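A quick write-up on the structure given underneath.
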Amino acid sequence: MKPESKKVHGLDFMFAVACYIQSSSLLSSFFVSITRQDSWIIVLFALIICCPLAWIYARLVESFPTKNLFGILQTVYGKYLGGFFCGLYVLFFFILTSLNLIDLSEFVKSTIMPQTPLVVLSFTFLLTSAWAVFVGGLRQMVKYGFLMTMICLLIVIATILLSLNLMDFENFLPVMDLKPKKYIQATNIVVTIPFAEIIIFLMTTNHVQSGKRGFFPIILGGIAIGCITILLVIMRDITVLGNAISLFSLPSFETLRMVSVTQTLSRMEIVFAFILIALLFFKVTWLYYVTVISAKQFLRFQDHRRLILLIGASAITSSFILYPNFLVHNESGQKIIPLVWPIFEIILPLVTLIIAKFRGMTRKRQTGSENQNSSSASKSAAASPSGSQSPSGTGKPSLPTDSKEQSGSKFQSNAGTSSGTGQHGDLRSQSV
């Protein structure tokens, strides 16, 4: 993991956010079993809710431009309370890494390598991610985001076109026919699991060049691209599978099994499997990277290399302890995670922003003209070693004055500003 000397471009960061959300299309079974044919509406509801959430994240990082999430927490809450919250976030990032690692391993085992032991797959993927974290850095992590995002969108669009003959648009009916409680529950699942998990990116925003418009368009743009991808996948699966979508643990994989271009080209699900494996590997590696840098900052480690192997071994172990099978994981994703995750993703960032606002720590983001003026002023100050300029403003240095005159002017200014010593000041200036 290399130290970052140059800042990452905002567009690269945006596509990294989009790629992270796209990889969560595997978790659609968490909410499609609740809302079935109305699941596409839930994705739109979640996008609307994420708009103010993206503003909260952007306002936080713009108020503390040189700090990441841990630096913001320690600045706002102090050393001890802020350190306690940082420790909770380290545990949160670690659990996310373990859960997504087991998701990746189980998906590969169920689709491509059914005879391979799960522990072997988890160990192989984690070693590869550990190598990527060890030799790479933030710039290496985000530079593949655009390519993977575009490939995922193209494959989703291609699979929609190939499955047009299987679609029945009456599967969208009836619309909004369920109880309001189910819509609230499903919306909370979509917000907390795929979308609001991007709070992990706040650990790296101090190395991102946001530009004149700030972080809000960057974060919201990544959420929007990821939301469009998930929306297209959900609508495709609903039109093909109908209400049977709630019966499958991997609805997208079942949809693509039904696609057949010709007799020789009938296994289109393998294409979806490979792109989803690539997306999940990107997600696991990013979570692994954030967990390592957050643990390093929290524990104040100087050398992160031993920390990488320690966190990796713990992630493999905990991935098998937390959820022994997919059914337990699915039930937890519907009932437990949507109640716990909002504490880290919504409540704490919102409370932190409110406290920083009341304590006067937030500041307005500088516009481009202000940044240009400040940079030109610093350059002009650095160009003149004495810091003096001619009254005419031509930039030429003023002529040196006599040392006695300078000392006399100093005595005069000191005498003029001191209270109750006007007469003595006149005598001193006259004597000089």
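The values are calculated or read from the model by the stated rules, or taken from the named source; none is laboratory data. What you see is a predicted model, and the numbers here were worked out from it, not measured in a lab. Backbone-built Cβ (ideal geometry, glycine too); neighbour counts: all protein chains shown. Side chains are part of the model used for accessible areas, which takes the heavy atoms of the whole protein and leaves out ligands, DNA and RNA. Shrake-Rupley method; radii C 1.70, N 1.55, O 1.52, S 1.80 Å.
Computed quantities for the displayed model
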item: Test: VAL191 is among the β-branched types (Val, Ile, Thr) and touching a strand residue (DSSP E or B) at 6+ places or on another chain (Cβ under 7 Å); result: no
item: Residues of segment 291-304 satisfying the condition of being open to solvent by 10 Å² or more (accessible area, probe 1.4 Å) and assigned to a helix (DSSP H, G or I); result: ILE293, LYS296, GLN297, PHE298, LEU299
item: Any hit, segment 189-206, residues being in contact (Cβ under 8 Å) with a residue 24 or more places away in the chain, farther than 27 Å from ILE337 by Cα, open to solvent by 10 Å² or more (accessible area, probe 1.4 Å) and not hydroxyl-bearing (Ser, Thr, Tyr); result: yes
item: Some residue of segment 3-12 being buried (at least 24 other Cβ atoms within 10 Å of the Cβ) and either of a type in the set (A, V, I, L, M, F, W, C) or touching a helix residue (DSSP H, G or I) at 6+ places or on another chain (Cβ under 7 Å) (or both); result: no
item: Residues of segment 36-68 classified as of a type in the set (Ser, Thr, Tyr), surrounded by fewer than 22 Cβ atoms within 10 Å (Cβ to Cβ) and assigned to a helix (DSSP H, G or I), total; result: 1
item: Segment 69-87 - residue that is aliphatic (A, V, I, L, M) and surrounded by 15 or more Cβ atoms within 10 Å (Cβ to Cβ) and, of those, nearest to ALA295 (Cα to Cα); result: LEU69
item: Residue in segment 21-28 that is of a type outside the set (A, V, I, L, M, F, W, C), over 18 Å from the mean Cα position of the chain (by Cα) and crowded, with 20+ Cβ neighbours inside 10 Å present; result: yes
item: Residue match in segment 149-172 (condition: open to solvent by 40 Å² or more (accessible area, probe 1.4 Å), within 25 Å of VAL271 (Cβ to Cβ), outside any helix (DSSP H, G or I) and at pLDDT 90 or above); result: yes
item: Residue that is aliphatic (A, V, I, L, M) and surrounded by fewer than 14 Cβ atoms within 10 Å (Cβ to Cβ), where the choices are LEU309, LEU322; result: LEU309
item: Residue in segment 178-188 that is surrounded by the most Cβ atoms within 10 Å (Cβ to Cβ), counting only those that are touching a residue at least 40 places away in the same chain (Cβ under 8 Å) and assigned to a helix (DSSP H, G or I); result: ALA186
item: ALA224 surrounded by 17 or more Cβ atoms within 10 Å (Cβ to Cβ) and among the aliphatic types (A, V, I, L, M); result: yes
item: Filter result for GLY145 (surrounded by 21 or more Cβ atoms within 10 Å (Cβ to Cβ), in contact (Cβ under 8 Å) with a residue 12 or more places away in the chain and either at negative phi or of a type in the set (Ser, Thr, Tyr) (or both)); result: yes
item: Boolean, LEU307 is at pLDDT 80 or above, in contact with a Lys or Arg (Cβ under 7 Å, 6 or more places away or on another chain) and in a helix (DSSP H, G or I); result: yes
